[in-house]
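Trainee: Pasting in a structure now, in structure tokens, and then I'll have a few things to ask.
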Amino acid sequence: MKLYNTYTNKIEELKPIKENTVTIYYCGPTVYNYIHIGNARPIVFFDTLKKYLEHKGYKVIMASNFTDINEKILKQSEIEGISEMEVAEKYINAYMSDVRFLNADDSFLKPRVTETIPEIIDFIKGLIDVGAAYKSGGDVYYRVSSLKNYGQLSNRKTDELIQGARVEVREEKESGLDFALWKEFPQGINYPSPWSVGRPGWHTECCVMIHKLFGGMIDIHGGGADLIFPHHENEIAQNESLYHNRIANIWVHNGRLNFGQEKMSKSLGNVIWTKDLKCDPRAFRLLLLKASYRNVVSYTDELQDQASVEFDKINTAFHKLFLYLDVNNLFDDSVNTEESNNFMKKFDDANDEDMNTPNGVTVINDIVKEVNLELRGKKNPERLVSLYNTLKEMLYVYGLDSKLERMNEENRKLYNDWNLARQNKDFEKADELRKQLIDSGVEL
Ligand SMILES: [Zn+2]
């Protein structure tokens, strides 16, 4: 399988460090608020990537962190009148319920800054020992000039960065590019260290968590494209200084989701919280999957409506097929026709090429067409079961799946009676039976 590597600017073959296992880390949220649908994009993308790799037979170990101490959290605790820990806990829970709402697997590893402090302090000590960091007052800064090839990921040259007006120069730093590894912080949650009572810097936590969880380099480091500079650049710099590696073989970044032509932001008042999505969250997933993950997506209601209509078609066909196989007792995991194999090959080919999910969605729609034709036509059992098995797997990989339950004997009898009543044009009885079926939880 190939993925676009931001580090090399090339589409590269994924060659796992450990055979048959793929390790993934993507930067998670600072937990001081709900997440908007732009923040949901990496959740959906990396969940899809993980499921696809598992579909290909890899064992996937994925981690995503929580930044659970931060000035924004402290500020929010003052607004809400609760402690920092309570704010963090509240928004971690909200985040996880959004993850599940988005039909994403919630079983990834979830390291937290507050659980990684001793390791972070050791890491900073190590950087000072090798001359890559220095103490200034109660703070510790990374010395960018200590690393020759700083700027590899974002393709920036140190000279240009220094000249750039956006880098603020402060007296406590040797250079405007240097960034804080440890900050003296007298208020709120803080920790003793050799330098001051304070808190670690954001860029340090991810390096340390990755090292703690995986013990060395990982296969894929991900996150939104807005994290390339400075966050990921600075993660790499610290790791290069101490461990002489770039953390991950492949750096994968998803594009932003805009609201129309504008950036989605609270200050512009155009934020849609994930929890407030009006559509089926799987239809939102489909909207994202219909775009290349690296491209910017401009979210509009119209675009969402189109994706919702398309999702309904897919979902309805899958439901109908499930119901038909259920009533006729046709389920069989082992059935696999050549036609289904060909569909699956097309789906795999699309995803193997840098997760080309728009092409993957086309394959799903092609199967849906065949399912509808077969259900209206010959109803060949082998073909239907095989199309079902294939479609089910693809919908699972893309997170468009439904958890459908088979009918019990009683409901199956009701269902057959309902069909009989309809055939006999006994509409009154049919309506009554239909109501009974729906009341007992059968989705028709
Ligand atoms: Zn990070």
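Trainee: How many residues does segment 355-393 contain that are free of Cβ contacts under 8 Å to residues at least 60 places away in the same chain and among the small types (G, A, S)? I'd like the intermediate steps shown before the answer.
Mentor: Of all residues in segment 355-393, those free of Cβ contacts under 8 Å to residues at least 60 places away in the same chain come to 359, 362-383, 386, 389-390.
Next cut, among the small types (G, A, S) only: 377, 386.
Qualifying residue count for the region: 2.
Trainee: Please work out which residue is nearest to P29 (Cα to Cα), limiting yourself to segment 53-64 and to residues that are in contact with a strand residue (DSSP E or B) (Cβ under 7 Å, 6 or more places away or on another chain) and not aromatic (F, W, Y).
Mentor: S64
Trainee: Here is a list of conditions, (1) more than 16 Å from the chain's Cα centre (by Cα); (2) in contact (Cβ under 8 Å) with a residue 60 or more places away in the chain, and L102 meets all of them except one; can you say which number that is?
Mentor: Only one criterion in (1) more than 16 Å from the chain's Cα centre (by Cα); (2) in contact (Cβ under 8 Å) with a residue 60 or more places away in the chain is unmet by L102, namely (1).
Trainee: Quick check, is Y141 surrounded by 16 or more Cβ atoms within 10 Å (Cβ to Cβ), of a type in the set (F, W, Y) and farther than 30 Å from Y396 by Cβ?
Mentor: Taking the combined requirement at face value, the residue satisfies it.
Trainee: Being in a loop (DSSP other than H, G, I, E, B), touching a residue at least 12 places away in the same chain (Cβ under 8 Å) and more than 16 Å from the ligand (Cβ to nearest atom) is the filter here, so list the residues in segment 7-31 that pass it.
Mentor: N9, L14, K15, P16, I17, N20
Trainee: Can you tell me which residues in segment 81-96 are touching a helix residue (DSSP H, G or I) at 6+ places or on another chain (Cβ under 9 Å) and among the hydrophobic types (A, V, I, L, M, F, W, C)?
Mentor: Correct list: I82, M85, V87, A88, A94.
Trainee: When you check Y4 against the structure, is it under 30 Å from M344 (Cα atoms), part of a strand (DSSP E or B) and either touching a strand residue (DSSP E or B) at 6+ places or on another chain (Cβ under 7 Å) or outside the structural domain of D352 (by TED's automatic domain parsing) (or both), yes or no?
Mentor: yes
Trainee: Can you confirm whether E409 is at pLDDT 95 or above and over 32 Å from the mean Cα position of the chain (by Cα)?
Mentor: It is false that E409 is at pLDDT 95 or above and over 32 Å from the mean Cα position of the chain (by Cα).
Trainee: Would you pick out the residues in segment 213-232 that are more than 12 Å from the ligand (Cβ to nearest atom) and not in a strand (DSSP E or B)?
Mentor: L213, F214, G215, G216, M217, A225, F229, listed by residue number.
Trainee: When you go through (1) more than 11 Å from the ligand (Cβ to nearest atom); (2) surrounded by 19 or more Cβ atoms within 10 Å (Cβ to Cβ); (3) of a type outside the set (G, A, S) one by one for E235, which number turns out not to apply?
Mentor: Among (1) more than 11 Å from the ligand (Cβ to nearest atom); (2) surrounded by 19 or more Cβ atoms within 10 Å (Cβ to Cβ); (3) of a type outside the set (G, A, S), E235 violates only (1).
Trainee: Tell me, please, whether a residue that is surrounded by fewer than 20 Cβ atoms within 10 Å (Cβ to Cβ), among the aliphatic types (A, V, I, L, M) and in contact (Cβ under 8 Å) with a residue 60 or more places away in the chain can be found in segment 209-222.
Mentor: yes
Trainee: For L444, all conditions in the list (1) loosely packed, with under 13 Cβ neighbours inside 10 Å; (2) assigned by TED's automatic domain parsing to the domain that holds S292 hold save one; what is the number of the exception?
Mentor: That leaves (2) as the condition not met.
Trainee: A follow-up question, please. For V44, all conditions in the list (1) away from the ligand (no atom under 16 Å from the Cβ); (2) surrounded by 15 or more Cβ atoms within 10 Å (Cβ to Cβ); (3) not in a helix (DSSP H, G or I) hold save one; what is the number of the exception?
Mentor: (3)
Trainee: If you take the residues of segment 148-173 that are acidic (D, E) and at pLDDT 65 or above, which of them is farthest from E240 (Cα to Cα)?
Mentor: We begin by selecting, within segment 148-173, every residue acidic (D, E); these are 159-160, 168, 171-172.
Remaining after also requiring at pLDDT 65 or above: 159-160, 171-172.
Numbers: D159: 19, E160: 21, E171: 26, E172: 24 Å.
Checking each candidate, the answer is E171.
The values are calculated or read from the model by the stated rules, or taken from the named source; none is laboratory data. Here the structure is a predicted model, which is why all the values come from computation and not from measurement. Reconstructed Cβ throughout: ideal geometry from the backbone, glycine too, with neighbour counts over all protein chains shown.
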